[in-house]
1. Provide the FRET efficiency to the nearest 0.05 for the Ser21-Arg66 pair, computing r from the beta carbons and using R0 = 35 Å.
2. Per Stokes-Einstein, at 25 °C and 0.890 mPa s, what whole-number D in µm² s⁻¹ belongs to the range 1-76, with the Kirkwood radius over Cα pairs as the hydrodynamic radius?
3. Taking springs between alpha-carbon atoms closer than 10 angstrom, which of Pro138, Pro47, Pro78 fluctuates most in the Gaussian network model of the chain?
4. List the lysines whose Cα sits under 16 Å from the Cα of Lys96, skipping any in the same chain fewer than 8 residues away.
5. Got the relative contact order for the chain handy, in percent, Cα pairs under 8 Å and 6 or more residues apart?
6. For the chain, what is the calculated [θ] at 222 nm in deg cm²/dmol (nearest 500), taking -39500 (n - 2.57) for each run of four or more DSSP H residues and dividing by its residue count?
7. List the cysteines of the chain that have no other Cys Cβ closer than 4.7 Å: which are they?
8. Given that compact globular proteins tend to follow 2.2 N^0.38 Å, what is the ratio of the alpha-carbon Rg of the chain to that value?
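FYI, it's all coordinate maths here, none of it is from the lab. The shown structure was predicted, so the numbers you read here are calculated from the model rather than taken from an experiment. We place every Cβ from the backbone using ideal geometry, glycine too, and count neighbours over all the protein chains shown.
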Amino acid sequence: MLVDPNDLLTIGDVVRRTGVSASALHFYERKGLIFSGRDGTNQRRYPRHMLRRISLIVVAKRLGIRLSDVAAVFSTLPSHHAPTHKDWQRLSLAWKQQLEERRRAIETLEAELTGCIGCGCLSMKACLLLNPDDALSPQGPGPVRLQRAVRE
Ligand code: FES
């Protein structure tokens, strides 16, 4: 790891700066979301730029974004040096597309919540009109109509 030694933080520093527990940091590290190195005394040290990654993980979790999705966008960042402005722009673009899909899914859910979503339950009067005899079941499991609306 090519990092200025003055920009290396102890795990205690990172916990204090991010509010994320040491065990969570270890977990994120095992998942490849963040990286650390070892100093001369074999103590774990985090490059300062990991604070930004960790903050994004915290926000993503709050928004219900899966860690695997976070890992996918982080995989576009360099792991052995601080990301450049261009790197963050690239990540931002990739993430923007994911967030746009989530926003559309939430809007669709909001709009379709009181109507038939094609799940096969036929529990509402509307379903008898919109999904008579569970006609949508050959199209797949789950809320077929809702999933289709999100994809389109
Ligand atoms: S809401 Fe379940 S089949 Fe319509």
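1. 0.95
2. For these conditions, the coefficient is 193 µm²/s.
3. Maximum fluctuation in the GNM of the chain, among the listed residues, is at Pro138.
4. Lys61, Lys86
5. Here the relative contact order equals 16 percent.
6. -16000 deg cm²/dmol
7. Among the cysteines of the chain, those whose Cβ sits 4.7 Å or more from every other are Cys119, Cys121.
8. This ratio for the chain stands at 1.47.
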